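The values are calculated or read from the model by the stated rules, or taken from the named source; none is laboratory data. Treat the numbers as computed from the prediction; the structure is a model and nothing was measured. Because the Cβ atoms are built from the backbone with ideal geometry, glycine has one as well, and the counts that use them run over all protein chains shown.
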Amino acid sequence: MSERLVVIGGDAAGMSAASQARRLKAPEELEIVAFERGSFTSFSACGIPYWVGGEVSERDDLIARTPEEHRARAIDLRMRTEVTEIDPARRRVRSRDLASGAEEWTAYDKLVIATGARPLRPPLPGIDAPGVHGVQTLGDGQALLDRLGATEGRRAVVIGAGYIGVEMAEALLHRGYEVTVVNRGEQPMSTLDPDMGRLVNDAMSGMGITMVNDAEVTKILTGEDGAVRAVATEDAEYPADVVVLGIGVRPETELARAAGLPLGEHGGLLTDLSMRVRGPVADGAVWAGGDCVEVLDLVSGQQRHIALGTHANKHGQVIGSNVGDGYATFPGVVGTAVSKVCDLEIARTGLREKDARAVGLRYETVTIESTSRAGYYPGAALMTVKMLAERRTGRLLGTQIVGREGAAKRVDVAAVALTARMTVEQMTALDLGYAPPFSPVWDPVLVAARKAVAAVRRTGG
Ligand SMILES: Cc1cc2nc3c(=O)[nH]c(=O)nc-3n(C[C@H](O)[C@H](O)[C@H](O)COP(=O)(O)OP(=O)(O)OC[C@H]3O[C@@H](n4cnc5c(N)ncnc54)[C@H](O)[C@@H]3O)c2cc1C
């Protein structure tokens, strides 16, 4: 007898799950119905900064698969249709067609919740004024581009200095704007330790971006036309013709909460390793993945909420395999993330110092400077690598890298080492590739590992 899979959310996690389930199960065995309240499916929000900045010229280049392409693969995709209630006891969801307002119930045998995350939008005076933009969806990106096209002024304020904030600062710089970044933290990129964040801060200042740290936005000021004219903090006002919000996200789990499904302390759904939602209410029939779930941090052993497309796609793949009667697991993350501002590359994996302290780990840190290529080879650029190792065992705990070309993806070596729970001593023996155009004879990650070995030995590790 045919089963029905219902998917809520038509982007990375949801449609990866639906597509993988379809690969494993024919339409006669598994009917797939997917609900998406927006106007796009399977799009890359990650590409929005590069579309706004002009490196990517066409919006549609960011769409991996259109609704028609999904439908051609026997996925009954209902666009502009919002799921308004999950009824786990009767295994059904209620949806509303956003155009007609018509509501209906759809029964499921298996349910996937992939509702993503909601961008934070503090209730500041003026936050809804024309000219204040989020960048979560392609619609948001288009609205921002329209605003940039419609205003003569060339002053932009970005609120928030996480990776989305710094990427948007670059995009606006490329568009010829004078850019100010207003940031609550001591340094940009709070996913780094402050000493590494300071390198990012100084580099961004060097690019002509005005960095305002330790500043809380109190209101958005508007002009006579009602549109944004400045961003106010407690101490100053920053003139703005356009404002971009990049202040983080929260898991979109209101539906799940209302249905009584289990949420963790960060507000994300709790799943097991197969991405099946835990607990009696889900009754083994509900899976969840992407930005709406919490994940296990394999280094600290803590649950975390990390909103990244790389995880969402993997979750979708795992869910699709499991609902398609295969078997797959998502064991957890080590916290790897990369981004860039102009030619400055920023990477991190594992624990920051404050994360290590929070879980009671004693650690050593080392920071080294090295180059991306052999020092004598043209184009060799400086990079700074910071490494944390556990004091007693020498286990690698985290790595952060700030540098120019070739810096960011070096963090992947550390991500593998963290996953394998390697010590920094074991890392020094890693057989990494070397030729002058690619690295010095000792790769910067290995130089940091050697120095970390010495630090751990010195303190009796
Ligand atoms: C500007 C920007 C840059 C980024 N850059 C990177 C990057 O470089 N690297 C990286 O790894 N990640 C990046 N990300 C994060 C990445 O885009 C997200 O982690 C990823 O999209 C999450 O996928 P998801 O499927 O979980 O959620 P989403 O992509 O948010 O999709 C959830 C979908 O569910 C729909 N939905 C929600 N509730 C309902 C409902 N009740 N009924 C019907 N539909 C519903 C929403 O409309 C949405 O389309 C970036 C994000 C942004 C905004």
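Below is a table of values for the structure above.
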| read-out | value |
| --- | --- |
| Residue within segment 319-326 that is within 13 Å of the ligand (Cβ to nearest atom), over 20 Å from ASP412 (Cβ atoms), touching a Phe, Trp or Tyr at 6+ places or on another chain (Cβ under 7 Å) and hydrophobic (A, V, I, L, M, F, W, C) present | yes |
| Positions within segment 1-53 being under 24 Å from ALA256 (Cβ atoms), touching an Asp or Glu at 6+ places or on another chain (Cβ under 9 Å) and of a type in the set (Ser, Thr, Tyr), in sequence order | THR41, SER42 |
| Residues located in segment 141-162, provided they are of a type in the set (D, E, K, R) and either assigned to a helix (DSSP H, G or I) or within 15 Å of the ligand (Cβ to nearest atom) (or both) | ASP146, ARG147 |
| Residues (in contact with a helix residue (DSSP H, G or I) (Cβ under 8 Å, 6 or more places away or on another chain) and either polar (S, T, N, Q) or away from the ligand (no atom under 16 Å from the Cβ) (or both)) located in segment 238-268 | THR253, GLY260 |
| Enumeration of residues in segment 228-256 that are small (Gly, Ala, Ser) and assigned to a strand (DSSP E or B) | ALA230, ALA232 |
| Condition broken by SER205, with the remaining ones in (1) in contact (Cβ under 8 Å) with a residue 12 or more places away in the chain; (2) closer than 30 Å to SER57 by Cα satisfied | (1) |
| Of all residues making up segment 270-314, the number that are touching a strand residue (DSSP E or B) at 6+ places or on another chain (Cβ under 6 Å), of a type in the set (Gly, Ala, Ser) and within 14 Å of the ligand (Cβ to nearest atom) | 2 |
| Among the residues listed as ARG94, ARG121, the single one being in a loop (DSSP other than H, G, I, E, B) and within 16 Å of the ligand (Cβ to nearest atom) | ARG121 |
| Scope segment 277-310; condition crowded, with 20+ Cβ neighbours inside 10 Å, outside any loop (DSSP other than H, G, I, E, B) and not charged (D, E, K, R); matching residues | VAL277, VAL286, TRP287, ALA288, GLY290, CYS292, VAL293, VAL295 |
| Residue within segment 63-81 that is among the basic types (Lys, Arg), more than 9 Å from the ligand (Cβ to nearest atom) and free of Cβ contacts under 8 Å to residues at least 24 places away in the same chain present | yes |
| Close pairs from segment 311-331: first assigned to a helix (DSSP H, G or I), partner β-branched (Val, Ile, Thr) and within 16 Å of the ligand (Cβ to nearest atom), Cβ under 6 Å, at least 6 apart | ILE319/VAL112 |
| Residues of segment 220-229 classified as surrounded by 15 or more Cβ atoms within 10 Å (Cβ to Cβ) and in contact (Cβ under 8 Å) with a residue 40 or more places away in the chain, total | 5 |
| Matching residues in segment 124-140 - criterion: being surrounded by 19 or more Cβ atoms within 10 Å (Cβ to Cβ) and in a helix (DSSP H, G or I) | LEU138 |
| Residue count for segment 163-187, restricted to those that are away from the ligand (no atom under 12 Å from the Cβ), buried (at least 24 other Cβ atoms within 10 Å of the Cβ) and farther than 16 Å from VAL212 by Cα | 1 |
| Count of residues meeting criterion [in contact with a Pro (Cβ under 9 Å, 6 or more places away or on another chain) and in a loop (DSSP other than H, G, I, E, B)] in segment 1-38 | 2 |
| Any chance MET196 is more than 12 Å from the ligand (Cβ to nearest atom) and surrounded by fewer than 17 Cβ atoms within 10 Å (Cβ to Cβ) | no |
| SER57 vs. criteria more than 14 Å from the ligand (Cβ to nearest atom), part of a loop (DSSP other than H, G, I, E, B) and under 15 Å from LEU138 (Cα atoms) | yes |
| Given (1) out of contact with any strand residue (DSSP E or B) (no Cβ under 7 Å at 6 or more places or on another chain); (2) modelled with pLDDT of 95 or more, index of the condition ASP235 fails | (2) |
| Residues (aliphatic (A, V, I, L, M), within 30 Å of VAL341 (Cα to Cα) and in contact (Cβ under 8 Å) with a residue 60 or more places away in the chain) located in segment 16-61 | ALA45, ILE48, VAL52 |
| Conditions (1) touching a residue at least 60 places away in the same chain (Cβ under 8 Å); (2) out of contact with any Asp or Glu (no Cβ under 6 Å at 6 or more places or on another chain): number failed by GLY185 | (1) |
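Yes or no, residue by residue, for (1) among the charged types (D, E, K, R); (2) outside any helix (DSSP H, G or I); (3) modelled with pLDDT of 95 or more:
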| residue | (1), (2), (3) |
| --- | --- |
| GLU186 | yes, yes, yes |
| MET189 | no, yes, yes |
| LEU192 | no, yes, yes |
| ASP195 | yes, no, yes |
| ARG198 | yes, no, yes |
| ASN201 | no, no, yes |
| ASP214 | yes, yes, yes |
| LYS219 | yes, yes, yes |
| GLY226 | no, yes, yes |
